[in-house]
Every structure is written in C-alpha cells, then in structure tokens.
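Please read the structure below before turning to the comments.
The values are calculated or read from the model by the stated rules, or taken from the named source; none is laboratory data. Nothing here was measured: the structure is a model prediction, and the numbers come from that model. Heads up, the Cβs are rebuilt from the backbone with ideal geometry, glycines too, and the neighbour counts pull from every protein chain shown.
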Amino acid sequence: MYFVEQLINGLSQGAIYALMAIGFTLIAGEVGLVSFTYGDTVMLGAFSAYWACSLFAENFLLTVLFTILVSSLMSIVLHAVCMAQFLDAPKHISMICTIGFGIILKNAVQLIAGYEVKAMPELLGRSYFELGGIRIGYVKLYIVAIVIVLCAILSFLLNRTKTGVRLRAVSQDRKAASLIGIDVQRTTRLGNLIGCMIGGLAGLLYAIYYGSILPTMGGAISMKAMSASVLGGLCNIPVAAFAGLLLGIFENFSIALFPQGYRDLISFLFLILVLVFKPHGFEFRFKKHSRKEAEHA
Amino acid sequence: MLNRAVNYVKAHRLPFFIVFAVLVLAFPIIIPSNFVRGIAVRTVLYMLFASSLNLINGYCGHFSIGHAGFMCIGCYTAGLLATKAGLGFWLIVPISGIVTSLFGLLVFLPTNRLSGMYLSIVTLGFAEIVRIIVLNWTSLTNGPLGVKGIPSIKLFGLKLTSTTEYYYVILFLLVLSLFCMYRILHSRVGRAWMSIRENPDAACSLGVELAKYKAINFVVGAFFCGVAGCFMAFYYRYIDTTMFTIDESFNVLSMVIVGGMGTLVGPILGAFVINLITETFRFASEYRMLLYGILIILTMWIRPQGIAGASNSVLATKRMAKRVQSAAKAKRSEA
C-alpha cells in the first residue's frame with residue numbers, strides 16, 4: 001500500500017521534474033545555449049504564480065498567464081544581457097554571465113518577497129478520491145495531465161513546424177543556419193523563451209505541489225533539471241523527460257530508506273553517477289544529433 | 001592612460017614594491033581600529049581563497065563554481081582535529097590542506113572526461129553534497145549546531161589572541177602560498193596547465209598528459225583552499241554549514257572573475273575590491289549579492305579577463321564575431 005502511494009507521489013513529482021528537464025534540455029541542447037539561470041527561472045515562475053494568486057484572487061487561468069508573461073519577459077532580458085552578445089565568444093563568458101544573472105534574480109526576489117518560506121494557496125483544490133484505501137489528490141492527476149498536454153504541444157512545435165526545424169538548425173551549426181537565411185539571434189531568443197516559459201510553468205506546478213516556496217530553492221531545482229537532462233545527453237528531450245520521471249520516483253522511495261535531510265542528495269548522486277558511467281547520456285533510437293555536434297555548434 | 005601608469009610602475013618596480021610591502025606590514029600598527037583590522041584579516045583570508053580558486057579556474061580552463069565545498073572540508077577538518085584530537089594549528093595546516101586535496105582528486109576523477117558546463121555542474125553538485133552530508137552527519141560534525149570552541153593559534157608556546165597577530169599569521173600564509181604558486185606556475189606543471197587552457201588538443205599533441213595535469217591542478221588548488229580553510233576555522237573559532245552555501249562559492253567566484261583570472265595579482269585585487277565594496281556599503285548589505293551579480297556581468301561585458309587578468313589568453317577573447325566583422329570592414333575599406 002505504502003509502495004503504491006509513494007509511486008503515485010513519485011510520478012506526479014517526477015512529472016514536474018520532467019517538465020523542468022525538458023525546458024533545460026531545450027535551452028542547453030536544442031538551442032545550444034549555456035544557462036546557469038535555469039533554477040532561478042523556475043523559482044521566479046513559482047514566485048510569480050504566488051504573486052498572481054494574490055493579485056487575481058486565485059484564478060488559475062490568470063495565474064498561468066501571468067507566470068508565462070513574467071518568465072518570457074525575464075527570458076528576453078536574459079537573452080539580451082547574457083547570450084546575444086556572446087554567441088560566438090568562448091562559452092565560458094556566457095556561462096559566467098548567466099551565473100551573474102542568476103545571482104541577481106535570486107537576490108532581487110529575496111529582496112521583494114523576503115527571506116522566509118511563503119505558503120502557496122491551493123489553486124487546484126484539495127479534494128481527493130479513494131482507490132483501494134489510497135487517497136489520491138486530484139491535484140496530482142491535474143499536474144500529470146498538464147505536463148502531458150504541454151509535452152504534446154512542445155513535441156508538435158519542435159517536430160512538425162518550421163520553428164522547430166529552425167531551432168534545430170541553429171543548434172547544429174549556427175553559421176550554416178545563418179547562411180540559408182535563418183535569423184540566428186531571433187531563433188535563439190525564441191528557443192530561450194520557450195525553454196524559460198516551460199521552466200516558469202514547472203515552477204508554478206512545483207509551487208502548487210509542495211505548497212511552500214523559497215527564493216533560494218533555485219539551486220536544488222537546477223540540479224534536478226540538469227541531472228535529468230544530462231542523462232539524455234543534453235540533447236534528447238524524451239530521454240530527459242523519462243529521467244525526470246525516474247528521478248521523482250527515486251526521490252520518493254529514498255525517503256523510506258534515508259533520513260529526510262538527505263533527500264536532495266539523491267539527485268546529486270544520480271547526476272554524478274550518470275556523468276561517471278555514461279557521460280554522453282543515453283541515446284536511444286530517438287537520436288537526432290549527437291552531443292558532439294551540439295557542442296561543436 | 002592606464003597603460004602608461006602600468007608601464008611606469010613596471011619600470012620602477014622596486015621602490016613601489018618596498019612602499020607596498022611596508023604599507024601592508026605596518027597596516028595593523030597604523031590603523032588603530034580593531035574593527036578595520038578584522039576586515040583586513042578577512043580580506044587577506046579571501047585573497048587566499050580566491051587565489052586557490054584562480055589556480056583551478058584561471059590557469060587550467062576548468063570552471064569550478066563549487067569552491068565552498070573545498071572550503072567546508074578544509075574548515076571542518078581543522079575544526080574537528082583541533083577540538084576532538086587537540087592538535088595545534090601549525091600541524092593542522094598541512095593536514096587539512098592534504099585532506100582537502102584528496103577531495104579535490106575525488107572531484108576530479110568523475111570529471112576527467114568532462115569539460116565546460118558539465119564540469120561546473122559537477123563542482124556545484126559536489127559543494128552541495130558536502131554541505132548536506134556535513135549538516136546531517138550529526139555524530140561527527142555536530143550537525144546544524146556547528147563546531148564550537150576551536151582553540152586559538154599557538155606560536156612557540158605563546159597564545160595568539162589579538163587581531164593584529166592573526167593578521168600576520170594569515171599574511172604569512174598568503175605570501176608563502178603565493179610563493180609556492182609562483183614556483184609551480186613557472187615550472188613544467190604550470191606551463192602545462194596554461195597550454196591546456198589555451199587549447200587542450202594542441203597541448204595533447206605536444207605531449208601534455210591532459211588527465212594527469214588536470215588532476216594535479218585540482219589537487220593543488222584544493223590544497224591551498226584547505227590551508228585557507230584551516231585558518232578560517234581558527235580565526236572564527238566557530239564554524240557551521242551556513243558559512244558554506246552556494247552564495248559563498250559565488251562570493252569567491254566573483255572575486256576571481258572581477259579581479260582577473262590567469263594572473264596571481266588578479267584574485268588578490270579582486271578580493272580587495274569586493275571586500276572593500278562590501279564593507280563600504282555595509283549599510284546596504286542586503287543588496288550585496290545583487291551587486292556581485294551586476295559586477296560579474298559588467299566584467300564579462302567590458303573586460304572578460306577581469307581587471308588584472310591574463311590579457312594574452314583565451315580568457316580575454318570576447319565578441320569574436322564583431323572583431324572579425326570590423327577586421328573585414330577595415331580590409332574592404334583598404335581595398
């Protein structure tokens with residue numbers, strides 16, 4: 001019984017992690033940008049959801065729209081400050097810039113919202129149903145459903161539209177892409193925007209799921225997103241999503257084995273084990289282009 | 001203007017050096033305020049931390065953003081050895097250095113084949129792992145309560161108590177470490193590091209064993225960090241895990257980036273500048289980290305190698321596209 005309960009918790013938590021991993025993979029792999037701001041993007045998404053709740057009297061739709069608005073605005077600023085200038089410069093420069101931007105973001109939110117833990121209102125209600133003696137909150141189902149819908153939209157966007165082709169072209173070879181008439185700046189901006197939007201929405205779901213948010217939670221979050229997307233070799237969205245799901249399930253079972261304080265350790269260990277044994281991630285038959293090509297770009 | 005000043009100083013190196021050395025040595029005697037002396041000790045301590053990070057980031061092309069992990073290990077090794085085993089400061093300095101460098105090797109082993117962003121992610125993860133383990137291993141580290149009652153430093157049987165004496169101890173450690181670093185950097189090892197930073201493939205083709213020298217780089221960088229961490233434990237007398245959060249890593253990192261990577265002077269200058277800013281704007285201490293972020297981005301925009309960084313290295317290249325464009329334009333106008 002306990003096992004099934006933990007599995008369900010793990011699945012809904014893992015769905016959020018999967019969404020984060022998808023956003024990060026999109027930025028780092030598909031578009032080929034380096035971003036250390038991602039955890040703070042998710043954090044900002046959670047906080048903008050929190051602010052929107054008090055602004056719009058806990059209207060779910062308006063909250064979602066507000067979150068999307070805030071994270072896309074942030075992503076445009078991020079792109080202008082940290083990425084657009086340095087597309088052809090050595091990668092560490094843009095990386096350092098995003099670290100600086102992350103510091104600014106975290107501390108700005110900390111100054112505005114304060115240092116203490118904020119309680120997120122229960123946007124999606126607290127009702128639940130019982131199935132064979134297990135209580136399952138509707139929230140968990142909603143979260144999984146939202147994540148699946150978002151994944152479907154994204155997969156359509158990336159694989160079936162011209163925008164998706166452009167994004168992948170830019171990630172493979174910027175010079176060649178610009179030669180055939182793709183606006184590289186615009187495309188990377190768009191890729192970063194989509195990635196940050198997904199991150200913001202993941203932050204919203206995270207806030208709803210856990211019910212409490214902190215300005216400093218970005219570090220642990222970015223670790224989870226990174227470890228999941230590294231498992232996919234940073235380029236493979238389906239594998240990254242799957243890894244996020246696995247991570248959520250692992251984490252929930254680890255609570256039964258280890259003390260509570262060690263929970264965040266799981267994702268770090270997961271990450272390091274992956275990097276030791278499988279540094280290029282798993283590339284199943286979804287393979288479109290290898291990491292080497294992405295790095296080369 | 002700046003170049004002229006630098007050239008002037010370079011031409012008259014000795015007198016400038018003597019004045020500088022006298023000023024540094026006489027600082028705690030000239031300054032009557034104990035508060036300012038405390039700041040000076042902290043600044044010199046961070047100079048050592050920043051220098052050790054610069055060895056890793058500035059010389060070998062790695063990008064470690066988890067320096068707080070090494071600081072934590074050095075500090076706790078010293079604190080625990082001093083309180084539980086009762087060893088003296090001068091014995092613990094090398095021990096905590098060696099322990100920390102072992103952990104440096106531990107970080108390096110999984111990252112052997114990684115570079116760039118992956119390596120940064122691992123170092124960040126390492127710092128957090130260290131912090132979480134130290135926080136939760138209550139039986140050894142006393143958990144969230146921290147290590148209390150670390151004794152003061154003894155020199156020839158005398159207890160050092162005043163800030164002035166601590167200032168001289170850390171100054172001695174800094175100068176000694178800088179001397180060692182200088183010697184290392186001007187040996188085969190240092191040149192190998194720099195060649196790896198400039199171009200790993202070319203370095204490899206010239207017979208530089210990448211894995212070996214990268215490992216040495218991490219070990220040496222972590223060693224000096226452990227030395228500084230040991231002093232930190234003895235100076236603060238009390239350590240806990242809140243001193244080693246990600247913010248602390250970024251604090252040291254911003255010193256290295258702003259001051260300059262790839263030169264010995266850079267991190268020293270950076271630690272001085274950042275600490276000066278922090279202390280001057282103490283009334284606005286909440287905005288401190290915000291300012292660090294802005295400074296980091298500004299440095300990358302204006303001068304990516306930092307104020308006094310290695311300007312002839314790969315660290316100094318920025319916006320290459322623009323440079324290529326302007327070169328092409330110049331060519332066209334010539335034609």
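Restricting to the stretch A:147-183, name every residue that is in contact (Cβ under 8 Å) with a residue 60 or more places away in the chain and surrounded by 18 or more Cβ atoms within 10 Å (Cβ to Cβ).
Of everything in the stretch A:147-183, those that are in contact (Cβ under 8 Å) with a residue 60 or more places away in the chain and surrounded by 18 or more Cβ atoms within 10 Å (Cβ to Cβ) turn out to be A:V147, A:L150, A:C151, A:L154, A:L158, A:L167, A:R168, A:V170, A:S171, A:R174.
Taking only the stretch B:23-76 into account, find how many residues are over 30 Å from A:S222 (Cβ atoms) and either polar (S, T, N, Q) or part of a helix (DSSP H, G or I) (or both).
So the answer is 19.
What about B:P15, is it part of a loop (DSSP other than H, G, I, E, B), within 26 Å of B:L276 (Cα to Cα) and over 14 Å from the mean Cα position of the chain (by Cα)?
No; evaluated as a whole, the condition is false for this residue.
What number of residues within the stretch A:231-269 are within 11 Å of chain B (Cβ to nearest Cβ) and over 17 Å from the mean Cα position of the chain (by Cα)?
Result for the stretch A:231-269: 9.
Go through A:I148, A:I112 for me and flag whichever is over 30 Å from A:F3 (Cα atoms) and part of a helix (DSSP H, G or I).
A:I112
Name the single residue that is farthest from the chain's Cα centre (by Cα) among those in the stretch A:115-141 being crowded, with 18+ Cβ neighbours inside 10 Å and under 16 Å from A:L11 (Cα atoms).
Here the residue is A:G137.
In the set B:L174, B:L155, which member is more than 14 Å from chain A (Cβ to nearest Cβ), surrounded by 13 or more Cβ atoms within 10 Å (Cβ to Cβ) and modelled with pLDDT of 90 or more?
Exactly one residue qualifies, and that residue is B:L174.
For (1) within 13 Å of another protein chain (Cβ to nearest Cβ); (2) assigned to a loop (DSSP other than H, G, I, E, B); (3) within 30 Å of A:G32 (Cα to Cα), each residue gets a yes or a no:
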site	(1), (2), (3)
A:I76	no, no, yes
A:M83	yes, no, yes
A:I103	yes, no, yes
A:F129	no, no, no
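A quick yes/no check of all residues on (1) buried (at least 24 other Cβ atoms within 10 Å of the Cβ); (2) modelled with pLDDT of 90 or more; (3) acidic (D, E):
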residue	(1), (2), (3)
B:V44	yes, yes, no
B:M47	yes, yes, no
B:S51	yes, yes, no
B:Y59	yes, no, no
B:F63	no, no, no
B:F70	yes, yes, no
B:Y76	yes, yes, no
B:A82	yes, no, no
B:A85	no, no, no
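With a cut-off of at least 3 residues that are more than 13 Å from chain B (Cβ to nearest Cβ) and more than 23 Å from A:I68 (Cα to Cα), name the helices (runs of 4 or more DSSP H) lying wholly within the stretch A:162-230.
Qualifying helices (runs of 4 or more DSSP H): A:162-172, A:174-179.
Please enumerate the residues belonging to the stretch B:256-269 that are more than 13 Å from every other protein chain (Cβ to nearest Cβ) and either part of a helix (DSSP H, G or I) or of a type in the set (D, E) (or both).
B:G259, B:V265, B:G266, B:P267, B:I268, B:L269
Under 7 Å by Cβ, and 6 or more places apart or on different chains, what pairs join a residue from the stretch A:3-30 that is within 17 Å of A:Y209 (Cβ to Cβ) with one that is of a type in the set (S, T, N, Q) and surrounded by fewer than 22 Cβ atoms within 10 Å (Cβ to Cβ)?
A:Q6/A:N252; A:N9/A:N252; A:G10/A:N252; A:Q13/A:N252
So which of B:C230, B:C204, B:C180 is crowded, with 19+ Cβ neighbours inside 10 Å, assigned to a helix (DSSP H, G or I) and modelled with pLDDT of 85 or more?
That would be B:C230, the only listed residue that is crowded, with 19+ Cβ neighbours inside 10 Å, assigned to a helix (DSSP H, G or I) and modelled with pLDDT of 85 or more.
Within the stretch B:123-141, how many residues turn out to be crowded, with 16+ Cβ neighbours inside 10 Å, in contact (Cβ under 8 Å) with a residue 40 or more places away in the chain and not basic (K, R)?
So the answer is 11.
Any residue in the stretch A:82-94 that is of a type in the set (F, W, Y) and in contact (Cβ under 8 Å) with a residue 12 or more places away in the chain?
no
Would you say A:S72 is away from every other protein chain (no Cβ under 14 Å) and in contact with a helix residue (DSSP H, G or I) (Cβ under 7 Å, 6 or more places away or on another chain)?
yes
Give just the number: which of (1) part of a helix (DSSP H, G or I); (2) hydrophobic (A, V, I, L, M, F, W, C); (3) more than 14 Å from chain A (Cβ to nearest Cβ); (4) more than 26 Å from B:L264 (Cβ to Cβ) does B:A192 not satisfy?
(4)
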